[in-house]
Amino acid sequence: MTEPDFLRDTRNSYNAMAIDYAENFKNGIDDKPVDRAVLAVFAELVRASGNTDAVDVGSGPGHVTEYLKSLGLNIYGIDLSSEMVELARRKRPGIRFEEGSMTALDLAEGSLGGICAWYSTIHVPLEQLSGVFADFRRALVPGGHLVLGFQSGDELKHYDEGFGHKLSLDFYRRSPDLVAGLLNEAGFEVYARAEREPDPEEKTRQAYLIARALG
Ligand SMILES: C[S@@+](CC[C@H](N)C(=O)[O-])C[C@H]1O[C@@H](n2cnc3c(N)ncnc32)[C@H](O)[C@@H]1O
């Protein structure tokens with residue numbers, strides 16, 4: 001099957017800017033207390049469910065993967081970009097990172113207690129998102145949890161340049177209600193939501209959803 005253009009363009013874009021992207025965001029979530037709080041709630045829910053196996057989908061440089069591991073999750077990262085995967089392995093040799101796309105996950109059914117997709121579903125068009133959420137639901141045990149982070153809004157942005165590199169990168173700002181509706185249709189109950197104001201380097205409000213896989 002031929003790969004959709006958006007996946008090829010997203011991969012090429014992150015491959016081109018991986019090193020500079022990681023340098024620019026080198027503090028990760030260190031100065032993001034709300035983000036850390038949401039991830040901590042997610043980790044606690046996953047631990048309480050008794051299955052700490054988890055995946056960070058779209059793990060990038062691996063800051064969030066590392067944080068969730070420090071909170072007791074048996075987690076590894078998956079990312080579309082081979083350069084991001086290489087970089088994450090170099091920076092965090094104690095954590096497993098694999099190449100793969102959330103649109104074609106090879107995860108055993110009912111095998112995970114948690115899935116994190118932190119600012120990575122932002123690159124997936126709406127018409128693909130229901131399928132991605134249905135696959136997340138299948139990979140989770142009933143009662144398992146999903147956490148999403150994304151920019152709040154209703155807009156498609158396109159970048160053809162980033163950190164001095166030529167890109168072709170789409171990303172979507174979405175309303176939490178829209179995303180929550182898709183999660184419900186895919187077999188999740190949205191358990192918690194948070195939204196915060198943009199930090200100085202951000203342009204929009206930031207949204208977080210924690211959803212529970214229904215049985
Ligand atoms: C904005 S970065 C966020 C990285 C990381 N989650 C963080 O918060 O630091 C988006 C990441 O998602 C990855 N990505 C985009 N589309 C993806 C897909 N279809 N499957 C897996 N990873 C994807 C990109 O390669 C990139 O590393």
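Every read-out reported here was derived from the displayed coordinates using simple, explicitly stated rules and does not represent laboratory data. Everything numeric here is computed off the predicted structure, so don't read it as measured data. Ideal geometry is used to build each Cβ from the backbone, glycine not excepted, and the neighbour counts take in all protein chains shown.
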So how long is each side of the chain along the principal axes, counting just the alpha-carbon atoms, biggest first, in Å?
46, 42, 37
Does region 67-106 come out rounded, prolate or oblate by the C-alpha gyration tensor, with a ≥ b ≥ c the root eigenvalues, rounded set by a/c under 1.5 and, if not, prolate when a/b is larger than b/c and oblate if not?
oblate
Three-way shape call for region 40-156 based on the alpha-carbon gyration tensor, with the a/c threshold at 1.5
rounded
Would you mind computing, in nm to one decimal, how far apart the modelled labels at Leu156 and Leu214 are, each placed 7 Å from Cα along Cα→Cβ?
3.0 nm
Hull shadow area, averaged, region 10-63 [alpha-carbon convex hull, nm²]
4.5 nm²
Would you compute, from DSSP H runs of 4+ residues alone, the mean residue ellipticity of the chain at 222 nm, taking -39500 (n - 2.57) per run and dividing by the full residue count, rounded to the nearest 500?
-11500 deg cm²/dmol
Compare Asn24, Asn12, Asn74 in a GNM of the chain, Cα atoms joined below 10 Å, and give the one with the largest fluctuation.
Asn24
In the chain, once you exclude exposed GluC sites (Glu not before Pro) (DSSP loop, at most 15 other Cβ within 10 angstrom), what's the longest stretch remaining?
1-108
Count the DSSP beta bridges whose two residues both fall in region 69-175, then state the antiparallel fraction as a percent rounded to the nearest 5.
40 percent
With label points set 7 Å from each Cα along the Cα-to-Cβ direction at Arg96 and Asp30, the distance between them in nm comes to 2.9 nm
Residue pairs, from the table Lys26/Lys203; Lys69/Lys203; Lys69/Lys91, whose Cα atoms sit over 23 Å apart:
Lys69/Lys203
